[in-house]
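Trainee: Encoded as structure tokens, here's the structure I'll be asking about.
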Amino acid sequence: MKYLKRIGMLLSLAVLALAVVSCSSQVGKGGATLPAGMEYQLVPDADYSFYMYFASDPAIGLTHARLARLLPSKISDAVSVPLSSDADVEASVGISRGSVIVSAFGEYASTLEFADEADAQTAFELLQRTSAEGSSPQNKYLARMGPNSLHLAYGESHWADGVSRQYEAATLIPFPERDPEAWSLLTNLPISEDAAPLAAGIVVMDHDLIDSLTELLASIDEQQLGKVFGMVRVEKLAFAVYGKPPALIPNEVGTKFIDEHHATLVMVSSTGYPGIGVAFLLRSIAGELGMETIDLGNTNARYAQLDYGHLILKNKGSLVYTVLASDRALAENMMLRALAKSKK
């Protein structure tokens, strides 16, 4: 049990290390490799707690059952799921790129670009049908935007209504314009010479997210962790997921996904403190948790092997990076990329 608590604490405090040193400061732009087209993706001008953009070639499958739940009704879980010609394989549509923005209340809006016009039409008809079934107090918006793409929004407050009106009026703006500070943070993710990440985005570390982290880390004393997080001044984290495209969009991108797909997760946050102060803080946290000090290129970093991956923690001046990968060599290589100087 003590071992499980230590593992959970290692990962949670890696996130905590990103958040605890965060405060308002200007983030210099880097030269990160981001998913293709991310800088041009149009989004609603609305407050958000989570934003993600993804792009994949080849397209990634999304099952009809999961697609139907994007605009749920009270009976959507009972909707019949069409099957492909292979009776053992659930039918799906291919998505080549898309974005999702989530409010602090859990409402969301999304733009999805499908592999072809046929998949877009299938998705549109399925969402039309399932969103109309039953009765629901939530606001729902669905529109075909061009031959291969859809806009959709779901929620029960003015947030969803406002987003829907922006979709309808085509008054969306590029994400770098919507949140320049967050975009600058994203550009400080690693430079990837072989392949762009599958997905990248921003998480706003608010109290609701802290509560969710506490619930997920069941091996830790929730009350104690909640008090620790509650004392932390939190802001935004940028993240990216690297690896080969899965056949189907997963239910969640967690430690199981990272392990099974040999993927890598990178997170970065900015601080308002000098690099030497940040380094001291990370060294103190790593020492308390028994993390190893490893050589990494011409510097060193903090390292821990977990049941489900390899964790490396390191600062680059006032930026703090956390890398979680299925393989230690992958983790070290990605951290070296993060620490490398941008080619401008």
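The values are calculated or read from the model by the stated rules, or taken from the named source; none is laboratory data. Nothing here was measured: the structure is a model prediction, and the numbers come from that model. Backbone-built Cβ (ideal geometry, glycine too); neighbour counts: all protein chains shown. Please note that ligands, DNA and RNA were not included when accessible areas were found on the heavy atoms of the full protein model with its side chains. Shrake-Rupley method; radii C 1.70, N 1.55, O 1.52, S 1.80 Å.
Trainee: Of the residues that sit in region 300-334 and are at pLDDT below 90 and β-branched (Val, Ile, Thr), which one is nearest to residue 187 (Cα to Cα)?
Mentor: Looking at residues that are at pLDDT below 90 and β-branched (Val, Ile, Thr), I get 320.
Trainee: Would you mention how many residues in region 178-194 are surrounded by 12 or more Cβ atoms within 10 Å (Cβ to Cβ) and either assigned to a loop (DSSP other than H, G, I, E, B) or acidic (Asp, Glu) (or both)?
Mentor: Total satisfying the criteria: 8.
Trainee: Moving to a separate point now. For region 163-173, state whether one or more residues are open to solvent by 50 Å² or more (accessible area, probe 1.4 Å), polar (S, T, N, Q) and under 26 Å from residue 200 (Cα atoms).
Mentor: Looking through region 163-173, at least one residue is open to solvent by 50 Å² or more (accessible area, probe 1.4 Å), polar (S, T, N, Q) and under 26 Å from residue 200 (Cα atoms).
Trainee: Against the conditions (1) modelled with pLDDT under 80; (2) out of contact with any helix residue (DSSP H, G or I) (no Cβ under 8 Å at 6 or more places or on another chain); (3) assigned to a helix (DSSP H, G or I), where does residue 337 fall short? Just the number, please.
Mentor: (1)
Trainee: Further question on the same structure: Out of curiosity, is residue 123 hydrophobic (A, V, I, L, M, F, W, C) and either modelled with pLDDT of 95 or more or part of a helix (DSSP H, G or I) (or both)?
Mentor: yes
Trainee: Restricting region 290-325 to residues that are outside any strand (DSSP E or B) and over 25 Å from residue 31 (Cα atoms), which is least open to solvent (accessible area, probe 1.4 Å)? Outline the logic, then answer.
Mentor: Just the residues of region 290-325 that are outside any strand (DSSP E or B), to begin with: 290-291, 297-298, 307-308, 317-318.
Restricting the remaining residues to those that are over 25 Å from residue 31 (Cα atoms) gives 290-291, 307-308.
Working: 290: 46, 291: 22, 307: 105, 308: 56 Å².
Of everything passing the filter in region 290-325, 291 is least open to solvent (accessible area, probe 1.4 Å).
Trainee: Considering every residue within region 284-292, establish whether at least one is modelled with pLDDT of 85 or more and touching a Phe, Trp or Tyr at 6+ places or on another chain (Cβ under 9 Å).
Mentor: Yes.
Trainee: Let me ask you something else. Given the conditions (1) within 10 Å of residue 107 (Cβ to Cβ); (2) open to solvent by less than 30 Å² (accessible area, probe 1.4 Å); (3) at pLDDT below 90, report the number of the one that residue 139 does not fulfil.
Mentor: (2)
Trainee: How many residues are of a type in the set (D, E, K, R) and either modelled with pLDDT under 95 or not in a loop (DSSP other than H, G, I, E, B) (or both) if we restrict to region 21-46?
Mentor: Residues meeting the conditions: 2.
Trainee: Sticking with this one: Provide a single number: the residues in region 151-193 that are of a type in the set (Phe, Trp, Tyr), within 18 Å of residue 110 (Cβ to Cβ) and in contact with an Asp or Glu (Cβ under 9 Å, 6 or more places away or on another chain).
Mentor: Residues in region 151-193 being of a type in the set (Phe, Trp, Tyr), within 18 Å of residue 110 (Cβ to Cβ) and in contact with an Asp or Glu (Cβ under 9 Å, 6 or more places away or on another chain): 3 in total.
Trainee: Give region 109-120 a look and list any residue that's in contact with a strand residue (DSSP E or B) (Cβ under 8 Å, 6 or more places away or on another chain) and either surrounded by fewer than 20 Cβ atoms within 10 Å (Cβ to Cβ) or among the acidic types (Asp, Glu) (or both), or say none.
Mentor: 110, 113, 115, 116, 119
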